[in-house]
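The values are calculated or read from the model by the stated rules, or taken from the named source; none is laboratory data. Quick caveat, the model's predicted, so the values are computed rather than measured. A quick note on method: Cβ atoms are made from the backbone with ideal geometry, for glycine too, and the neighbour counts reach across all protein chains shown. These area figures cover heavy atoms from the full protein model, side chains too; ligands, DNA and RNA do not enter into them. Shrake-Rupley method; radii C 1.70, N 1.55, O 1.52, S 1.80 Å.
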Protein chains: 2
Amino acid sequence: MTQKPSIPKGTRDFGPSEMAGRNYIFDTVKTVFRKYGYSPIETPAMENLSTLLGKYGEEGDKLLFKILNSGDAFKDIQQMPAAELSEAGSNALALKVCEKGLRYDLTVPFARFVVQHRNELTFPFKRYQIQPVWRADRPQKGRYREFYQCDVDVVGSDSLLYELEMVQIADEVFRNMDIRVRIKINNRKILSGLAEISGQSDKLTDITVAIDKIDKIGIDAVKAELAERGVLPESIARIEPVLTLAGTTEEKIAAMRHILEGSTTGMRGLDELEELFRLIREAGVAAETEFDLSLARGLNYYTGAIFEVKALDFSIGSICGGGRYDDLTGIFGLSDTSGVGISFGADRIYDVLAGLDKFPKEAVRGTEYLFANMGPATLPYILNAAARCRAAGHSCEIYPDPAKLRKQFEYADRKSIKYIVLAGEDEAATNELTIKDIIKGEQKRIKISEIF
Amino acid sequence: MTQKPSIPKGTRDFGPSEMAGRNYIFDTVKTVFRKYGYSPIETPAMENLSTLLGKYGEEGDKLLFKILNSGDAFKDIQQMPAAELSEAGSNALALKVCEKGLRYDLTVPFARFVVQHRNELTFPFKRYQIQPVWRADRPQKGRYREFYQCDVDVVGSDSLLYELEMVQIADEVFRNMDIRVRIKINNRKILSGLAEISGQSDKLTDITVAIDKIDKIGIDAVKAELAERGVLPESIARIEPVLTLAGTTEEKIAAMRHILEGSTTGMRGLDELEELFRLIREAGVAAETEFDLSLARGLNYYTGAIFEVKALDFSIGSICGGGRYDDLTGIFGLSDTSGVGISFGADRIYDVLAGLDKFPKEAVRGTEYLFANMGPATLPYILNAAARCRAAGHSCEIYPDPAKLRKQFEYADRKSIKYIVLAGEDEAATNELTIKDIIKGEQKRIKISEIF
C-alpha cells in the first residue's frame, strides 16, 4: 500500500538549510547563556496532566495535547451508563482515557523541576532550556502546534543583578547576531501603583492597553476609549499626566515619582527601575534601553521587572521577553522562591535574520570539499587525502561513484560545496591535488602536505 | 492547592551535570557527522498515525503513544450503540479518538521526509537526526519511554563507499571519545545464501541465533539446539562448516566462499564484504573490525551490510549499529532508493563514558570565574571586570548579594567553579584583581589588563 506522505497540520519538517539557520540561533544563545553561568536542563515531553492542568487558564487547558493511556484505556468509558456517556463533556471524557499531556511551555515544567529536585540544586539556580512545546492552537501564519522555546531563568534570589543579567544576555545575543534592538523595560509594581492612584485597580488592563495606543491615536482618542471601557472621569484625570509622559527614561522616572507619590508599591517599582537602569549604565549595555510604561505582558504573572525586545530594522512582534516572578514554584509547594527570566522567540528571530540577510555565510554553508570520484585506480589515494582533510578539521565528501564530472560538479553546486578536489593518476603520482574554488572559479595544483 | 511534583514513569529529567555529559556525546557525534558531509534535519514529534501504524509490527503498534484529537474527540464514541461500544477493542476505539502519534523511531519519519521532500533534496541525501522518540514499553532498568536516537543515513546510492563512511564515522566518534571498540560487520546476503544452501530458508533466524552461541556453549550443544528448533539433520550437516568458522576476517571469507559456492546471493554478499574490508584497510580505519557471521540485527529490514559496535573495555550491549536497506521509502511510494545508516545509542554511550571515567573534565565543568560580591562600592568595578572577562571568551558570574564570603565560596564549590575573583576597594584603586584558583589553592593579584 502506498501512502501520500504528510505531517500533522501546524507542524513542520526542518531540512538542512533551515536547520543550519536554526542551529546558528540556538548556538548563539547557548554560548551567551553559558558565558553568564547558566546551565542546560531538559525535561520530558510528556508531563502528568495534574502538573499541567489549571496552569494556563481554561483556554490553555483546552489547548493541551493529551496522550491516550496505553493498555486498556477505554475500560471506564465502556462501563459508563449510556445516558451518562452521551451527556459527558469531552474534557471529562478525556480525563478518563488520558493521564499525560505534552508540555505547553517550559515554565511550568521548570517550576516542577525545581521543586522536585530542590535538594540536589544549588541556589540561586541558573538554568537555560531549549526544547519544543506543543499547543493545539488553530494553525495560522507564524503560529505552529509545535515550536521551540528558548528560556533562560534564575530562581532563588531577588537581587537586581539578575535583572541586569537578563538585559545583558539579550544585548549580547542580538549584538552577536548583528540585529539592532531596543530593550523595553517596565515594572509591574509601577503598574500596580498606577491602578492604586487611579482608584480603579480592576481597570489596570484597560489603562495599559490605552497607554499603549497614545502614539497611534493621540491623547483625546485614548481618553475617549478609557471612558468607553468604564474608567471614571476622576480616574482619567488622575492618570492623565501618565498619558502625556515623554522624554528620556530619567525624565519619565522623575515624572512618575510625582504621579505615584501616594503609592508605596509604585514608589518601590520606581526605585527598582532606577537601580536597574543605573546597573545597565555601569555594566556598559550597548543596546538601546527604554522605560516603557505601556509594557504589560504577562500581567498576572510578573511581579517586578518586565522586559521586551524589539528589532529596530525589521517589523515583527517582540523577539524576546520576560520578567521577574515571585511565586512560580508555589503551586508545587515551594513558596518564596523569586525568579527572573527571559525567553527568545526562535521562529521570529529566524525571520528577522532571514529578512535582513544576516545569517553568516559560514554558519549556513555545508561541506567544504568534494573529492571527485575518478574511478578505482585513484580511490586509495583519494581515501587517504580525504582522511588527511578531515584530520585537519575540514569537512569533506567523496562522490560515491565515478560518474561524469559534470554530474559530480552539479552535486557540489546543489550542496553549496566550496571546493572540488580532483585527483587523477597524474596528481597521485606526484602527491598533489588539483583544487577548484567554485566561488572564485580558480583552480590550482598543490602538494597534499601543503594543504592538509 | 499543593501538588507533590513527579513525572510520568519511564521518563527522565536531565539536570546540568547529566546534560553536560549528554551534550558532550551529541557534540562529538555531530562534529564527526558534519566532517563527512552529513546535514541535520528535524521532523515533528507528532506524525499522522497513518504514517506510523503497521511499520513496527503488531507489537510496535501497541507501543505507539497516541494523541487525543483536540475539540470534540469523543463524538463518534458517544454515538456508538452501547452493545457495539462494550464489545469494541481498545485499538479500534483509539482510532476513533486519535489521528496522531508520537514518533517511535527516526527511521520511518526519515523515510516519510525523503519521499515528501524528494523534489527539494539533493541525492545522495546525507542526513543526521538527533531527536527523542517515545515508546509505551514497560519501563525497566536502561529502558525508557522517552529516549534520544542519534541516526546518520545516506539514501539514493548503493556505493560501498557509504558503507565505508559508516565504519569511518563509528571509528572516529569512538576514537574521539577515547572508547576502544570492535566494529562487527556482516552482510545480509551472506545470511540469505546460508539459508539457501541449508535448504531451510525459514530457519534463518534459528541458525543465526545458534551461530551466536558457539563461543558460549560449544558446537555440540549448538547442534543439539538446532535439531530442537526443527533444523533437519541434512541441513545441519550442510552448515556445520560455518559453525566452526574461525581465524582472521580474510580466512573466514575464504572459507565462506567454499561453503556458499552454490548461492549467487551468498557470493555477492561475500564480494561486497571483501570489497568493504579492502576499503576499510585503504582508508586507514583505526578500530578493530571483524566479520561476524552471527550478526543478524534487523534481519527483515537490512539487505546488505550489517554493522554493530561493541565497547572493548566495558560490558554493555552494542553502542552503535545499523546497515544497508534497499527499500525504506517504498511504503511511501518511492521505490528503488537504497540507503545505509547507523544509529548511536546515547544512553549506553553515556554509561560507558561514566563507567570508564572518560568524560573530559572541561566538557562537564561549569562556569569558570565567580566574581565575589563585595558590596555596592566596588560593584561598578566588578561589573566592568566581568564584562571584560566575558568579552575575552570566558564564562563568569557575579554573586548576587554581598553575602559572607564563606557562603559565596560554598556556592563556587557546589557549582565546581574554578576561580574566585576578589575585588575590593584596594584592588579597584590599582586596577587589579585577586584571583583564587580553587583547585590548586593558589591566589595571586594581577592587573586586569593582564588577564582579561
- prompt: About the Cα centre of the range A:282-407, what is the dipole size in debye to 20, counting +1 per Lys and Arg Cβ and -1 per Asp and Glu Cβ, all else neutral?
  reply: 1080
query: With the contact rule set at Cα under 8 Å and sequence spacing of 6 or more, what percent relative contact order holds for chain B?
result: 15
query: At a 1.4 Å probe radius, carbon and sulfur cover how many percent of the accessible area of chain B?
result: 47
- request: Place the label 7 angstrom along Cα→C-beta at B:K213 and in each other copy, then list the distances from the first to the rest in nm, shortest first.
  value: 8.1
Nm distances between copies for B:T430, ranked from closest, using label points 7 Å along Cα→Cβ: 6.3
- prompt: Accessible surface of A:H117 in the full protein assembly, 1.4 angstrom probe, to the nearest 10 Å²?
  reply: 30
query: If you bin every alpha carbon distance in the range B:238-365 into 10 Å steps from zero, what whole percent lands in each bin?
result: 10, 32, 33, 19, 6, 1
query: Roughly speaking, what is the centre-to-centre gap between the range A:11-32 and the range A:100-122 when only Cα atoms are used, to the nearest Å?
result: 25
- prompt: Quick one: how many Å² of B:D413 are accessible to a 1.4 Å probe, rounded to 10?
  reply: 100
Residue closest to axis [chain B; rotation mapping onto A; Cβ; Å]: B:A82, 2
query: Quick one: length gained pulling A:L312 to A:D401 fully straight, 0.36 nm per residue minus the C-alpha distance?
result: 27.0 nm
task: Figure the gain on full extension for B:K358 and B:A88 (residue separation times 0.36 nm, minus the Cα-Cα span) and round it to one decimal in nm.
output: 91.9 nm
Cα centroid separation - the range B:325-373 against the range A:227-242, whole Å: 60
message: From the convex hull of the Cα coordinates of the range A:365-451, what is the mean projected area in square nanometres?
response: 5.2
- prompt: Full extension from B:K213 to B:D426: what is 0.36 nm times the residue separation minus their Cα-Cα distance, to one decimal in nm?
  reply: 69.3 nm
message: Through the Karplus equation 6.51 cos²θ - 1.76 cosθ + 1.60, θ set to phi - 60°, convert the phi angles of the range B:223-232 into ³J(HN,Hα) values in whole Hz; use x for Gly and Pro.
response: 4, 4, 5, 4, 4, 4, 7, x, 7, 6
- line: Non-local residues with an amide H under 5 Å from the amide H of A:T329, with H modelled 1.01 Å from N and Pro and chain starts lacking one, are A:T337
message: With only alpha-carbon pairs counted, each pair once and no self-pairs, how large is the Kirkwood hydrodynamic radius of the protein assembly as shown in angstroms?
response: 31.3
message: For A:S343, what accessible surface area do you get with a 1.4 Å probe? Give it in Å², rounded to 10.
response: 40
Burial order of peptide ranges A:163-169, B:392-398 (average beta-carbon count within 10 Å, highest first): A:163-169, B:392-398
- prompt: So what are the ³J(HN,Hα) numbers for the range A:119-132, from phi and the Karplus equation (6.51, -1.76, 1.60; θ = phi - 60°), rounded to whole Hz, Gly and Pro as x?
  reply: 6, 9, 8, 9, 9, x, 9, 10, 10, 10, 8, 10, 8, x
task: Any chance you could check the Cα centroid distance between the range A:397-443 and the range B:248-269 for me, in angstrom?
output: 36
- prompt: What total accessible surface area, summed over both chains, is buried at the interface between chains A and B, computed with a 1.4 Å probe and given in Å² to the nearest 100?
  reply: 8300
- prompt: Among bridges DSSP assigns within the protein assembly as shown, what percent are antiparallel (round to 5)?
  reply: 80
- request: Determine the per residue accessible area of the protein assembly as shown with all protein chains present and a 1.4 angstrom probe, expressed in square angstrom.
  value: 42
query: Restricting the count to DSSP beta bridges whose residues both fall in chain B, what percent are antiparallel, rounded to a multiple of 5?
result: 80
- request: Can you list the distances in nanometres, one decimal and ascending, from the B:R143 label point to the identical position in each other copy, with the point 7 Å along Cα to Cβ?
  value: 4.2
- line: In nm², the average projected area of the convex hull spanned by the Cα atoms of chain A is 32.3
- prompt: Given a Förster radius of 51 Å and the C-beta distance between A:S50 and A:D220 as r, what FRET efficiency does 1/(1 + (r/R0)^6) yield to the nearest 0.05?
  reply: 0.50
query: For the pair B:E450 and A:I438, what calculated FRET efficiency results from E = 1/(1 + (r/R0)^6), where r is the Cβ-Cβ distance and R0 = 56 Å, to the nearest 0.05?
result: 0.80
query: Residue by residue, what Karplus-based ³J(HN,Hα) values in Hz, rounded to whole numbers, does the range A:38-47 have, using 6.51, -1.76 and 1.60 with θ = phi - 60° and x for Gly and Pro?
result: 8, 10, x, 10, 9, 10, x, 4, 9, 10
